[in-house]
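Comments concern the structure below.
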Amino acid sequence: MSKKGVLLVNLGSPDSTSVPDVRKYLREFLMDGRVLDSPWPVRWYVVNMAILPKRPIDSAEAYEKIWTPEGSPLVVTSRRIQHGLQQRLGDGFPVELAMRYQNPSIESALGHLRSQGVDELLVFPLFPHYAMSSFETAVVQVQKLAARMAPGMTLKIAAPFYRDPDYIASLVASASDYLKSDYDHLLFSFHGLPERHLRKSDPTGCHCLKTPNCCETPSPAHDTCYRAQCLATVRAFVEQANIPPNKVSVSFQSRLGRDPWLKPYTESELTRLPQSGVKRLLVICPAFVADCLETLEEIAMRGRESFIGAGGDAFTLIPCLNDQPQWLEALDKIVRRYFA
């Protein structure tokens, strides 16, 4: 009889806020060909000659602002998610956590699962939406390492859960108290992607970003289209929360480099909205299931400063799902479906 297990995979974090650790993390992250998808010689030059000489210093300062006594918020919270799911599934159903970059590593997680006799593994990327630079790279890396370390292990890959009813319900529940406040507008800020990533992920080669309403036009491309999936999450959330459409908008954050990324940019929206009459703003970041540098520092700190500086009065970041009970219950339900 097979023994089942779950491997939760998130993006990753430096081991500390020291510049060498941040540089090590950034090098591994940015040298991934699914993140910076230029040819290897170009990628090596850009990363090592243009980015790593200075960026680790700035990033280390940013990490220092959000670091906890237990360590990286992303890793600490992801551990809590792991433990919460383990409690729900029971000790006979091992749950391990891995980061695509740095620690805890995929290698160590697979080793723990193998030592416990797991031979049927559900790989669960903690990314609600498909992107080659998050979901795809995590899956490919697990598959590659599992083939070498545990060749007899059967892998199931959990699909992006961007419109799963339990995920949407947990998102709405997590935001319910904030939505009862006297707010003017709710901004959905998703992690950005270069536009070329959408085109590369389009299996039809002729749909994504070809027309203004491509995300609203049914297509097989939506199975791997990050933007279409983000907008589907927003539509499901707004419908379930019963929010007037004119109180909601979408933007994309964390842009890197000069190439065109998905628009509108969050940084631009945070200065535009006060000028259009929005004084009390709520922001939610559904692309992240755990609070991290991009939510705690980029949005809650720098984003707030930009909004207030542009004339806004009140700025509130709705926390990520983190280890909230309704999210752990949803995760439990989603995982169990794969082994039903």
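The values are calculated or read from the model by the stated rules, or taken from the named source; none is laboratory data. If you're wondering where the values come from, they're calculated on a predicted model, not measured in any experiment. Here Cβ is always computed from backbone atoms with ideal geometry, including for glycine, and neighbour counts include all displayed protein chains.
Considering the conditions (1) in contact with a strand residue (DSSP E or B) (Cβ under 8 Å, 6 or more places away or on another chain); (2) over 26 Å from L155 (Cα atoms), S38 is excluded by exactly one of them, (1). If you go through the stretch 124-170 and keep only what is farther than 22 Å from K4 by Cα, part of a loop (DSSP other than H, G, I, E, B) and of a type outside the set (A, V, I, L, M), you end up with P128, H129, Y130, Y162, R163, D164. In summary, V140 fulfils each of the numbered conditions (1) surrounded by fewer than 17 Cβ atoms within 10 Å (Cβ to Cβ); (2) over 20 Å from the mean Cα position of the chain (by Cα); (3) among the hydrophobic types (A, V, I, L, M, F, W, C) with the single exception of condition (2). Any residue at all in the stretch 207-225 that's under 23 Å from L293 (Cα atoms), among the β-branched types (V, I, T), assigned by TED's automatic domain parsing to the domain that holds S174 and touching a residue at least 24 places away in the same chain (Cβ under 8 Å)? No - not one qualifying residue is present in the stretch 207-225. Here L209 meets the list (1) outside any loop (DSSP other than H, G, I, E, B); (2) under 28 Å from F29 (Cα atoms) almost entirely, failing just condition (1). Within the stretch 244-264, the set of residues being in contact with a Lys or Arg (Cβ under 9 Å, 6 or more places away or on another chain) and small (G, A, S) comprises just one member, S251.
In the stretch 37-56 there is no residue that is in a helix (DSSP H, G or I), crowded, with 18+ Cβ neighbours inside 10 Å, at negative phi and hydroxyl-bearing (S, T, Y).
Among the residues of the stretch 99-116, the ones that are hydrophobic (A, V, I, L, M, F, W, C) and in contact with a Gly (Cβ under 9 Å, 6 or more places away or on another chain) come to 2 in all. Could you please let me know if A146 is closer than 19 Å to F124 by Cα, surrounded by 20 or more Cβ atoms within 10 Å (Cβ to Cβ) and assigned by TED's automatic domain parsing to the domain that holds L121? So A146 passes the test.
Taken over the stretch 69-102, the criterion of being more than 18 Å from the chain's Cα centre (by Cα) and among the aromatic types (F, W, Y) is satisfied by F93 alone. Of the strands (runs of 3 or more DSSP E) entirely within the stretch 215-327, none holds at least 3 residues that are at positive phi, of a type in the set (S, T, N, Q) and buried (at least 18 other Cβ atoms within 10 Å of the Cβ).
Given the criteria in a strand (DSSP E or B) and either modelled with pLDDT of 95 or more or polar (S, T, N, Q) (or both), does G12 qualify? In short, yes.
Yes/no per residue for (1) out of contact with any Leu (no Cβ under 8 Å at 6 or more places or on another chain); (2) among the polar types (S, T, N, Q):
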position: A232; (1), (2): yes, no
position: V238; (1), (2): yes, no
position: S251; (1), (2): no, yes
position: S254; (1), (2): yes, yes
position: P260; (1), (2): yes, no
position: T266; (1), (2): no, yes
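Look at C214 and say whether it is over 18 Å from A287 (Cα atoms) and out of contact with any Gly (no Cβ under 7 Å at 6 or more places or on another chain). The answer is yes for C214.
If we scan the stretch 151-162, do we find a residue that is more than 16 Å from V289 (Cα to Cα), free of Cβ contacts under 8 Å to residues at least 24 places away in the same chain, of a type outside the set (S, T, Y) and surrounded by fewer than 17 Cβ atoms within 10 Å (Cβ to Cβ)? For the stretch 151-162, residues more than 16 Å from V289 (Cα to Cα), free of Cβ contacts under 8 Å to residues at least 24 places away in the same chain, of a type outside the set (S, T, Y) and surrounded by fewer than 17 Cβ atoms within 10 Å (Cβ to Cβ): present.
I'd like the full set of residues that are of a type in the set (G, A, S) and surrounded by 24 or more Cβ atoms within 10 Å (Cβ to Cβ), limited to the stretch 110-137. Step through it out loud before you land on a result.
The initial filter retains those residues of the stretch 110-137 that are of a type in the set (G, A, S), namely 111, 115, 117, 131, 133-134.
A131, S134 - these are the residues of the stretch 110-137 that are of a type in the set (G, A, S) and surrounded by 24 or more Cβ atoms within 10 Å (Cβ to Cβ).
How many residues, within the stretch 90-110, are assigned to a helix (DSSP H, G or I), farther than 28 Å from T224 by Cβ and touching a helix residue (DSSP H, G or I) at 6+ places or on another chain (Cβ under 7 Å)? Outline the logic, then answer.
Restricting attention to the stretch 90-110, the residues satisfying the condition of being assigned to a helix (DSSP H, G or I) are 106-110.
From the residues that got through so far, the ones that are farther than 28 Å from T224 by Cβ too are 108.
Subsequent filtering for residues that are touching a helix residue (DSSP H, G or I) at 6+ places or on another chain (Cβ under 7 Å) retains none.
Going through the stretch 90-110 one residue at a time, the tally reaches 0.
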